[in-house]
Amino acid sequence: QLEQSNKPKQISVTGAGSEEVNGLYVSESQCHWENVPMYVNEHGIVLLRYHTHKKNGSAVYHWYFSDASDLNSKNGDYYYTRFGDINPPCNRNDKWKVLKAGKLPLPQLRMLSTDE
């Protein structure tokens, strides 16, 4: 149970060239993708961790900003970064890359405490 309380519940995203990516992202206990909390903003954009496999079978993890209504297509992907932690990469703002739906500048993430 202690591990659960250390997970961020809200993330502020600002500065993204794709305006719909900006906003407050909230993690709800029932929203998970691959057993990792998924965060959603008021515009229906999700921040989620996704994995692929290398040829040798090892997993590679990325965090994505994607349109919640288009998760099965690359058309709804805005930004991504390679990062394996179960918490979003709030201290790696320079590592994001632009995808099909995204525009520069890159998003800036800040983890909010539960009382903000």
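The listed residues Asp85, Asp67, Asp77, Asp94, once ranked by accessible area (1.4 Å probe) with the largest placed first, stand as Asp94, Asp85, Asp67, Asp77.
Taking a straight Cα-Cα cut-off under 24 Å and skipping sequence neighbours fewer than 8 places away in the same chain, the lysines within cross-link reach of Lys54 are Lys74, Lys95, Lys97, Lys100.
Can you tell me how much longer the chain between His51 and Glu20 gets when fully stretched, taken as 0.36 nm per residue apart minus their C-alpha distance, in nm with one decimal?
Details: separation 31, 0.36 × 31 = 11.16 nm, distance 2.41 nm.
Going from the current span to full extension adds 8.8 nm.
Compared with the alpha-carbon gap, the fully stretched path from Asn93 to Ser58 is longer by 10.1 nm at 0.36 nm per residue.
The values are calculated or read from the model by the stated rules, or taken from the named source; none is laboratory data. From a predicted model like this one, the values you see are computed outputs, not experimental measurements. In case anyone asks, the SASA skips ligands and DNA or RNA and just uses the protein heavy atoms, side chains included. Shrake-Rupley method; radii C 1.70, N 1.55, O 1.52, S 1.80 Å.
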